[in-house]
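Worksheet: the structure to be examined is printed underneath.
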Amino acid sequence: MQLGLLYTLFAAIATAANIGAQELATRLYTGPCHILLSVFICTGVGLVVKYVLDKK
């Protein structure tokens, strides 16, 4: 049960990191393809955060 709760918490943290990074990326860069670029970069951010949290 505890493992499931930790997994859910880590997923929520990774999601928040992804959304926060997307917000930051779209504010910093407003050039061509800014949405596509933010999705690619921030998906990577979310995956790295989730990987690091799951690794612990």
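The values are calculated or read from the model by the stated rules, or taken from the named source; none is laboratory data. No experiment lies behind these values; they were computed from the predicted model shown. Every residue, glycine among them, receives a Cβ derived from its backbone with ideal geometry; neighbour counts consider all protein chains shown.
Would you say G31 is touching a helix residue (DSSP H, G or I) at 6+ places or on another chain (Cβ under 7 Å), of a type in the set (G, A, S) and either loosely packed, with under 11 Cβ neighbours inside 10 Å or modelled with pLDDT under 90 (or both)? So G31 fails the test. Number of residues in the stretch 14-28 that are in contact (Cβ under 8 Å) with a residue 12 or more places away in the chain and surrounded by 14 or more Cβ atoms within 10 Å (Cβ to Cβ): the value is 7. Restricting attention to the stretch 34-52, the residues that are surrounded by fewer than 16 Cβ atoms within 10 Å (Cβ to Cβ) and in contact (Cβ under 8 Å) with a residue 24 or more places away in the chain add up to 2.
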